[in-house]
1. For a quick check: with amide H placed at 1.01 Å from N, whose amide H comes under 5 Å from L74's, ignoring anything fewer than 5 positions away on the same chain?
2. What is the local net charge at A64, summed over the other residues whose Cβ is closer than 15 Å to its Cβ (Lys, Arg +1; Asp, Glu -1)?
Amino acid sequence: RERHLYTLSASQYISMRRDGKVTCEEYSSALVKRARYYRLYNQWIYSSYDLFDKLITGAMELDALAASKGVESLAPLYGLPIPMKGTAAVIDYPSGSGSGV
């Protein structure tokens with residue numbers, strides 16, 4: 001199942017999420033597992049992989065919100081993790097690329 005999740009495009013994920021075939025937590029957990037596995041290949045230049053747990057917690061919160069208010073009440077891309085370039089300034093996620101930004 002995880003291998004299938006790795007191959008999904010954003011639109012396929014959104015469709016499956018709306019149909020209840022995948023949860024934000026399941027999808028995020030699969031992607032985090034893969035990123036942690038391949039961390040030594042320098043795919044992710046990141047200094048604190050523990051912050052990936054924050055992603056999974058957020059995904060669980062989104063699943064709970066969708067369960068209480070309905071999937072359609074949330075934005076269409078909710079629960080879709082989007083990797084950012086290392087020089088992007090994002091609160092709580094320090095740049096690991098060595099950039100002074």
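1. none
2. With Lys, Arg at +1 and Asp, Glu at -1, the neighbours total -2.
Only the coordinates and a few stated rules stand behind these numbers; no lab work does. Just so we're clear, the structure is a prediction, and the values are computed from it rather than from any experiment. Note: ideal-geometry Cβ built from the backbone for every residue, glycine included; neighbour counts use all protein chains shown.
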